[in-house]
1. Please list 3J(HN,Hα) in residue order for the stretch 17-25, calculated via the Karplus relation 6.51 cos²θ - 1.76 cosθ + 1.60 where θ = phi - 60°; whole Hz, with x for glycine and proline.
2. Under 12 Å from the Cβ of Leu45, count the other residues' Cβ atoms, weight Lys and Arg +1, Asp and Glu -1, and hand me the total.
3. What FRET efficiency comes out for the pair Ser42/Asn77, r = Cβ-Cβ distance, R0 = 30 Å, nearest 0.05?
4. Give a quick list of GluC sites (Glu not before Pro) in the stretch 3-89 that DSSP marks as loop, anything other than H, G, I, E or B, with at most 16 other Cβ atoms within 10 Å.
5. Round to a whole number: what % of the accessible area of the stretch 1-100 belongs to carbon and sulfur, probe 1.4 Å?
6. In debye to the nearest 20, how big a dipole does the stretch 32-83 give about its Cα centre with +1 on each Lys and Arg Cβ and -1 on each Asp and Glu Cβ?
7. How big is the chain in terms of Cα radius of gyration and Dmax, in angstroms?
8. Residue by residue through the stretch 124-140, which ³J(HN,Hα) values in whole Hz follow from phi under the Karplus form 6.51 cos²θ - 1.76 cosθ + 1.60 (θ = phi - 60°), with glycine and proline marked x?
Amino acid sequence: NELNKYEINFLLAKGYKIEKRKSLVSDKEEDFLLQPRHNESSTHLFVIFDIAEYLEKKGIKVEKYATKKPDLVFELNGKSFAIEVETGAVLKVKSRMKEKLEVLGNYDEWFFIVTDKSKIKKYRELGKTLDLRYLRRQIDKILNYKKSLSA
């Protein structure tokens, strides 16, 4: 929203794409300029950055990772949380999924956020899984529950 036409055209020339997405932050569909990092879909990129922005607006410091660590990591009431955004591609590579689950086990609480609703059942067999369609409500529920425990 803050970019002018020239800045938008510059980013488009650099490989960015305009995509319509529903944001957790605004709770409405908007146009976003996206350029996925290597080996990443625009959906994966958007969900990670949208969740991070949503949590940060609630006063939670979030770390974003692109390699061996979970996609998002944050602390709440002295507990470490990890979020792994999944499109379903990793399900096909058992060794990568096993490695991912081992890393997630290093956090007090963790969960998958699955972007493909047809894959939700498979991920639920592996651990706590949140459905992208109800993500805002599910995250708020987790945050409110955890905050009430510390009160």
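The values are calculated or read from the model by the stated rules, or taken from the named source; none is laboratory data. Because the structure is a prediction, the values reported are computed rather than measured. We place every Cβ from the backbone using ideal geometry, glycine too, and count neighbours over all the protein chains shown. These area figures cover heavy atoms from the full protein model, side chains too; ligands, DNA and RNA do not enter into them. Shrake-Rupley method; radii C 1.70, N 1.55, O 1.52, S 1.80 Å.
1. 10, 8, 9, 7, 9, 8, 8, 5, 5
2. On the way: positive: Lys17, Arg21, Arg37, Lys64; negative: Glu19, Glu40, Asp50, Asp71.
The answer is 0.
3. The computed FRET efficiency comes out at 0.35.
4. Values: sites: Glu7, Glu19, Glu29, Glu30, Glu40, Glu53, Glu56, Glu63, Glu75, Glu84, Glu86; in loops: Glu40.
Of the GluC sites (Glu not before Pro), the ones in loops of the stretch 3-89 whose Cβ has at most 16 other Cβ atoms within 10 Å are Glu40.
5. Values: 3200 of 6410 Å².
For the stretch 1-100, the apolar C and S fraction of the accessible surface comes to 50 percent.
6. On the way: 8 positive and 7 negative charges, 31 e Å.
With only Lys, Arg, Asp and Glu charged at Cβ, the dipole is about 140 debye.
7. 16.2, 51
8. Running phi through 6.51 cos²θ - 1.76 cosθ + 1.60 with θ = phi - 60° gives 4, 5, 9, x, 4, 10, 9, 8, 4, 5, 10, 4, 4, 4, 5, 5, 4 Hz.
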